[in-house]
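Asks: I'd like to ask some things about the structure below.
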Amino acid sequence: CDIDGEGVTSWQYSWYKYGSSNAFSDQQEHTFRSVTESDTDKYSCYGTEKQGSRYSHRSDEITLTVS
């Protein structure tokens, strides 16, 4: 999740599975350690400024396909 924050250097990241309002990861880069077919879906991320009030737009969705 790369964010061009116009001078912001400290972001809190949030990753979401399509249709869920609960973040499943707060890392800039998320690695799935083990996947099943139920993980097939669309995913997106966004950032909020640590110690600040700015936030990014949610990213375009990426699709993970597990077969």
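The values are calculated or read from the model by the stated rules, or taken from the named source; none is laboratory data. Nothing here was measured: the structure is a model prediction, and the numbers come from that model. Counting neighbours? That spans all protein chains shown, and the Cβs are built from the backbone with ideal geometry, glycine included. Only protein heavy atoms, including side chains, enter the accessible area calculation; ligands, DNA and RNA are left aside. Shrake-Rupley method; radii C 1.70, N 1.55, O 1.52, S 1.80 Å.
Asks: Could you point to the residue in Tyr43, Ser56, Ala23 farthest towards the positive end of the chain's charge dipole, with +1 and -1 charges on the Cβ of Lys/Arg and Asp/Glu respectively?
Replies: It is Ala23.
Asks: Give me the dipole magnitude in Debye, nearest 20, for the chain about the Cα centre, with unit charges on the beta carbon: positive for Lys and Arg, negative for Asp and Glu.
Replies: The calculation lands at about 200 debye.
Asks: Report the longest stretch of the chain that contains none of the chymotrypsin sites (Phe, Trp or Tyr not before Pro) sitting in a DSSP loop with at most 16 other Cβ atoms within 10 Å.
Replies: That gives 33-67 as the longest site-free run.
Asks: Pull out the extension gain between Thr63 and Arg33, defined as 0.36 nm times the separation in residues minus the alpha carbon to alpha carbon distance; nm, one decimal.
Replies: Once the chain is fully extended between Thr63 and Arg33, it gains 9.1 nm.
Asks: Take every Cα pair under 8 Å in the chain that's 6+ residues apart, average their separations, divide by the length, and report that relative contact order as a whole percent.
Replies: With pairs under 8 Å counted, the relative contact order is 34 percent.
Asks: From the protein chains alone at 1.4 Å, what is the descending order of accessible area for Glu49, Glu61, Glu29, largest first?
Replies: Ranking Glu49, Glu61, Glu29 by accessible area, largest first, yields Glu29, Glu61, Glu49.
Asks: Same structure again: In what sequence, largest accessible area first, do Ile62, Ile3 appear using a 1.4 Å probe?
Replies: Ile62, Ile3
Asks: Tell me the per residue accessible area of the chain using a 1.4 Å probe; a whole number in Å² is fine.
Replies: 77
Asks: Continuing with this model, one more query. Compute from the Cα atoms of region 9-55 the Rg and the Dmax, the latter being the longest Cα-Cα distance, and quote both in angstrom.
Replies: Answer for region 9-55, Rg first and Dmax second: 12.2, 38 Å.
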